[in-house]
Each structure stands twice: as C-alpha cells, then as structure tokens.
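Working notes, structure below.
The values are calculated or read from the model by the stated rules, or taken from the named source; none is laboratory data. Not measured: the values here are computed from a predicted model. Cβ atoms come from the backbone with ideal geometry, glycine included; neighbour counts cover every protein chain shown. Just the protein is used for accessible areas: all its heavy atoms, side chains included, with ligands, DNA and RNA removed. Shrake-Rupley method; radii C 1.70, N 1.55, O 1.52, S 1.80 Å.
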There are 2 protein chains.
Amino acid sequence: MLRLSKLTDYATVILSFMARDKIQVHAAIEIAAVTGIALPTVSKILKSLVNANVLISTRGAKGGYILARKPQQITVATIISALEGPIALTECSISRQGCEQASGCDIGGNWSLINKTIHNALESVTLADLIRPVVVSEEVLVPVSSIYR
Amino acid sequence: MLRLSKLTDYATVILSFMARDKIQVHAAIEIAAVTGIALPTVSKILKSLVNANVLISTRGAKGGYILARKPQQITVATIISALEGPIALTECSISRQGCEQASGCDIGGNWSLINKTIHNALESVTLADLIRPVVVSEEVLVPVSSIYR
DNA sequence: ATTAAATAGGACTAGAATAGTCCTGAATTA
DNA sequence: TAATTCAGGACTATTCTAGTCCTATTTAAT
C-alpha cells in the first residue's frame, strides 16, 4: 500500500501541534501528554527531527523543542525523509549497487522519473498546508503524463 | 523511505519483459529464467497480477500468461495496488476507524489530498512508459502546491 | 555547589510484515 | 493417460518496525 511508517505519521501530528500552538518551546513530556503518544516514542521522533534540522532542541530545565523554521518552510518531503531516509520507491533509485536483476531490468531510469515526480509532490506541500483547514476540491489533477508524452 | 515492496519491483520487471517481448504467452518458468527471479516467487507475483486483471492465465500444457490489456492501458498505480493493496500513505486514508489520535490529529483531510495527488501521479504513468527508453529532462516540475494556494 | 529538569545517544526487545518456499489440486494438450 | 502448467493456500525464516529503557550530558534554579 505504499506505506508511510507510523512514526512518520506521528511526526506530522506532533509537528502540527507545535505549529498550531502559540507557545514556542515544548518539552517532550508535554507533547506526549497532548498527542497521546507514549513518551519514549515521542522522544525518539523528536530526536530524528532535530537531526534533520526540522526542530531545535534546548537541554536542561526549561528546555524543550521548537520549530527550526516557519511552518511554510517545512515540507512534507523533509518530514518523511527525516524519519525514513531518502524518499524513493525502489532500492535502485537510491543506489544502483546490489541490483542484480541482470537481464530483466532496464527501467531504472523511468523509476527515477516517477520518484522525482513524487518527491516533488511531497516537496510542494508544507507543514503550514497540513494545519490549514481543508477545503476539498475533488477535481484537482496533476498531469504527470506530460513527462513522457 | 516511502518504500515499495520488492515484489512490486519484481512485478514491473516481469511486466516490462512481457510487454517488450513479441511472443504472447509466457510460462512462469520461462519468465523466471529470463528475469533471474526464483520460480516460486515469480508464480506468486503472476497470480496476484491475474487477480488484479492485469494478466490472463491459461492452464495446462502450452499454457501461460499474457497481458490482459495493452501496455498503454496498464498503469503503475494498478500494478502497485495489485501487489500491495490500496495506495495510501497513512492508515487513516484507507479507513478512519482505529485512528485513536484523539486530540492531536486534524490533518486527515490534508493527507487524503496528498494521497490523491500521488495516486494520480502513479495513475498517469503506464507500462508503455516504463519500457520506453528514457529521455531525461531534469526540470520537470509538478506544482502540487496549487492545490493549497 | 547541588539538585532537578530535560535532551542525546544508543542498545535492546517483541511483534509484525515481507519474502520466499512448498504442496496439493485442477485444467488443458498431446 | 501422461505431461504440463496454473490455482490456491499453508508455511517458514528473515527482516523491519515500533516501542522501551538506560546512561550521559547540559542547563536552570536554589
């Protein structure tokens, strides 16, 4: 099902809370309480987000986490890759090494186009968009086919 | 890394071979030999593709598999969902039940927009595109941001 | 200084999902 | 009737994910 890990899902929930809330600094334990996610898990996620420069941490009493950038500048692609590594659908899109599909596989290049497309889609949606109230317009279409034809 | 399963990857390799080859009917054992994928695994994949109406099978001696439609009419989205079920990034995009992120999660609607976008991207690329020689144009951009702004 | 609050980093475990195999049955051709 | 080939499902082993926990480090307050 082209799955995103649970942790990434949690991350968007956590970041949405942080972006919505007026208060700047949030301790891990506070975030755990608000979101209902267990503290150790929250900590783990927050650490990953710090490493990806999405959050800035402060240690010690009164410490905690704040957004490193404005919500408009934090993309969904960034969030995903913070928790799951590079966004790619297939192994060989990341590195060609180890792909031993000797004879059959000539489609690497095409996969990488699809990957770029999806990456770009995720890159164009930000945290600010995620916390925006949804106004659904059903007929939004993105013609990726133009890449090929 | 927003991963696609290995089996799905194999499926594209198998289908690419079948689409490229002039001969219509291919037995599982033959496909295994050409692609270098183990026979039981190939069989498993082919069965899934038959169930998804991507392939048609014929039993008995001289039996085998053929494409159910023209390569132009088989989308990447179809191939992926044949092997992995519905394309969605998060659980709650498939069903809202069981999402107990009581307080924190107000972003379901927005995720579903992203899902639609990606689904649409995958829907617009066909098997025919996959077997086409790649002509890379680096600056292809798909403005999903227009969905929100 | 000392204590309490908070993150950093990494090791570890249990459970779930995936990949892969195998077996038995059914259909078709020669 | 025998050989070939797919159908369906059970099964196993390995990998991955989610989640927990421990120790060290940093900072603020008293």
Inter-copy distances for A:Lys6, label 7 Å out on the Cα-Cβ vector, sorted ascending, nm, one decimal, are 2.4
Under the definition of partner shielding as Cβ atoms of other protein chains within 10 Å of a residue Cβ, what is the mean value for peptide A:3-14? 5
Starting from a label point 7 Å past Cα on the Cβ side, list the distances from A:Ala33 to the same position in the other copies, nm, shortest first. 6.9
In region B:20-50, the trypsin sites (Lys or Arg not before Pro) that fall in loop regions by DSSP, at most 11 other Cβ within 10 Å: B:Lys22
So which of B:Lys70/B:Lys116; A:Lys116/B:Lys22; A:Lys6/B:Lys70; A:Lys6/A:Lys70; A:Lys44/B:Lys44; A:Lys44/B:Lys47 end up more than 29 Å apart, counting from Cα to Cα? A:Lys116/B:Lys22; A:Lys6/B:Lys70; A:Lys44/B:Lys44; A:Lys44/B:Lys47
Average partner chain C-beta neighbours within 10 Å, per residue of A:29-38? 2
For B:Leu55, residues with placed amide H under 5 Å, excluding near neighbours: B:Val50, B:Ala68
Log entry, pair B-A: total buried accessible area, probe 1.4 Å, protein chains only, in Å² rounded to 100, is 5600 Å²
For A:79-88, what's the mean count of beta carbons from other chains sitting within 10 Å of each residue's beta carbon? 2
Once phi for every residue in region B:63-68 is put through the Karplus expression 6.51 cos²θ - 1.76 cosθ + 1.60 (θ = phi - 60°), the whole-Hz ³J(HN,Hα) values, with Gly and Pro written as x, are x, x, 10, 10, 5, 7
Sort shortest first the distances from B:Asn53 to its counterpart in every other copy, using label points 7 Å along the Cα-to-beta-carbon line, and give them in nm. 4.9
